[in-house]
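Read-outs throughout are calculated quantities, based only on the coordinates presented, and are distinct from any laboratory measurement. None of the values given here were measured: they were computed from a predicted structure. FYI the Cβ positions are ideal-geometry reconstructions off the backbone, even for glycines, and counts take in every protein chain you see.
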Amino acid sequence: MTKGFFRERKHYSLQEITDNLINIDMEETRRIVGILKKYGVVKAVKKNKTDFDDLSNEDIVLTDVIDNASDIEYIFDYVGVAVLEGQVFKCYPKYIKSTDYLFENLKQVLKVIKKYNASEQLIYLFNGEDDSRIFNKLAVSLHLLESYYADGLYTNQKNVIETNGEGEILWDKTINETFAIIQNNKPYYVELQTRNTVDNNNDYFRRLHECILTKCSRELSDAGLLDLFELIEVKLTREELSDFGDTSYILYRLQSEIQTQYITRKQNLLKTMYTYIANEKTDKNDISYSLYGTNSFNLVWEKVCADNFGNVLDKKIIDLPLNESVRNKFEYENETLREMIKTPRWRKKEYPNVKDPKVKTLKPDLVCIYPIDEQKKDYCFGIYDAKYYCIDYQVHGDKASISGQPGVGDVTKQYLYQLAFDDFIVKQGYRYVQNMFFCPDEIGDKQYGWVQMDIFNHIGNKKLENIAVVKLCASKMYQLYLDNQTISEYEINQYIPEIDRQEVSDQNFANRMLEYLMRITNASIMAEEKLEMKAERGKLIYPKQIKRELGAKIIYDTICPVASNALYGFNPYKEESCSGVVAENIGDSYGRCSHIADVAIEIEKKIKDLSEEKLRDENAFKGILKQCFEDKADIVSMAEGQCLNMLTEKVMELVREVYL
């Protein structure tokens, strides 16, 4: 094992931890692990607890560190670097199994954490809370060095007098202190006295900044951390902090400078230097302890996936693709996709609509909407959840067991996300839906597997998809995140499986027919109930309104006879023999029915967007019908010649009855 490296959530005995550190005995290891345990980096767990699983309160052992306990082991519940009493603990993510490239992998992970912290504007100056907190020297040292690389040294400027300089000419000083050459009764000065403003290299605070930077760099170099954080060693001075006075004097000078400095960047630098000097003795027990990392790497993984896949949860719905309906735009206005999932509302007879603003609702990690064809006519609605889990199957003969998987609550919520968006998906016309867990992995496997709960397969008339489990190559994901790149629709199938992209059932005509039949029944029941209501208690639903709700189904029924005439020469509107009609290949029949269903849906959408004047215009109607049929080669003949006239006549007849 590489010295100083520890795998997150892996079980270690005290002896194994001792063997993995440098120049340390068991007694010192016990003391150090006790400190790490106090600050949440290490946890004591029952030995029979599976590696890498989530921890419950029952799994954690609240006891002192004991070296000979047979039923207790220790895990590092942390990703990053911890420095304690000269010992460096390099904790890498739990999904990394190979030890071949630990240094390079952790280096990349630390850069990801740095970017995540920058986006969240986090700098942890202290570890722990209240009386137990300890100054986080590592984080402050890294911040000071990175600020220096970006902005250089602290500077104060001073005015200097120069001869023939480039600054302002001081005429009084030039006339009084230099000689002039008189020619033609005119003085000519060859040594002009000028004033210039230059950096004061001997400034107290500049020298103090150099001293602190050199000290930080030296300590990181001694700990072997410069390369891990990709820093260059800084040697700016040989001065020590003691050369600037005692601690109270240095702090007094810094406080005075802060009060006279009005540049924000310089103020922040002075305050950081003040914190560094003030906490040189870290706590009352003089423990030297620093951290750079996180106990919540799952949040980092969620952020990486959301950025890489172009999360649209916080986009306005009117800006999403396939939202061309004026009616829909008015309906959603400035609502975002995230706001579509409402919080619970509590109802009572006197108070019919009460909600608690403190109660949160379902919050999916990310939603990605991308086209599946070059023409961008059909889109996929992807509901993805970034899961920081190490799902693994153990095979025993002809049987297998699983470990490291999300719990039933996570699976249930993922089904509910799709259920919450289901009506929106159908209304917007998204033809495909994906429901997936994204787990980190060293290599990646887009066909890893899936999870299902039979009780969610069908809820009423809605069919929910099984949840695919996709393992993403973490190093590739991190590089995309660090490069600020978003995965395009042309690249997305490199990372997720096409096979799990299921067609939305409501876009399949057979399923639409079943749903329409149920909706007809439900609408009839509702109409009967509401007819019995008093006028002030509800709005009546009349037959014409029911027909509008069932528009696509009725349009389909209307244009099918035209299809019979155009495709098979049989006109059901006329009495004629059908003895010449032959059987059709069932595959062709299904394909044509599917295309006719698509056309019916398209016609319904366009009709709802037309004004009453346009609905009465036969020529405008013909143009719309031809447009709906033009890219469907199997049935395009329905919108040509006499068939187009018949189609226009029947659809306009329906429109007059239902929409006008």
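Suppose R0 equals 41 Å. What FRET efficiency, 1/(1 + (r/R0)^6) with r the Cβ-Cβ distance, do residue 256 and residue 162 give to the nearest 0.05?
Once the sixth-power term is evaluated, E becomes 0.85.
Averaged across orientations, what area in nm² does the convex hull of the alpha carbons in region 149-257 project?
Mean orientational projected area (region 149-257, Cα hull): 10.9 nm².
From the alpha carbon gyration tensor of region 413-459, can you work out the equivalent ellipsoid semi-axes (sqrt of 5 times each eigenvalue) and give them in Å, largest to smallest?
In descending order the semi-axes read 24, 15, 9 Å.
Set the Förster distance to 60 Å, then compute FRET efficiency between residue 179 and residue 482 from the Cβ-Cβ distance, nearest 0.05.
0.40
Once amide H atoms are built 1.01 Å from N in the peptide plane, which residues 5 or more positions from residue 370, or in another chain, come under 5 Å H to H?
380, 382
Relative to the present Cα-Cα distance, how much length would full extension add between residue 151 and residue 169 at 0.36 nm per residue of separation?
Taking residue 151 through residue 169 to full extension adds about 3.4 nm, to one decimal.
Roughly how many debye, to the nearest 20, is the charge dipole of region 235-313 about its Cα centre, given +1 on each Lys and Arg Cβ, -1 on each Asp and Glu Cβ, and no other charges?
Charge dipole, region 235-313, about its Cα centre: 240 debye, nearest 20.
I'd like to know how region 343-476 sits against the 2.2 N^0.38 Å rule of thumb: what's its Cα Rg over that expected value?
Dividing the Cα radius of gyration by 2.2 N^0.38 Å gives 1.27.
Kindly write out, for region 307-317 in residue order, the coupling ³J(HN,Hα) from the Karplus curve 6.51 cos²θ - 1.76 cosθ + 1.60 (θ = phi - 60°), rounded to whole Hz, with x marking Gly and Pro.
Taking θ as phi minus 60°, the curve returns 5, 5, 9, x, 4, 10, 4, 9, 7, 5, 4 Hz for region 307-317.
Nearest 0.05, what FRET efficiency do residue 339 and residue 445 give at R0 = 41 Å with Cβ-Cβ as r?
0.75
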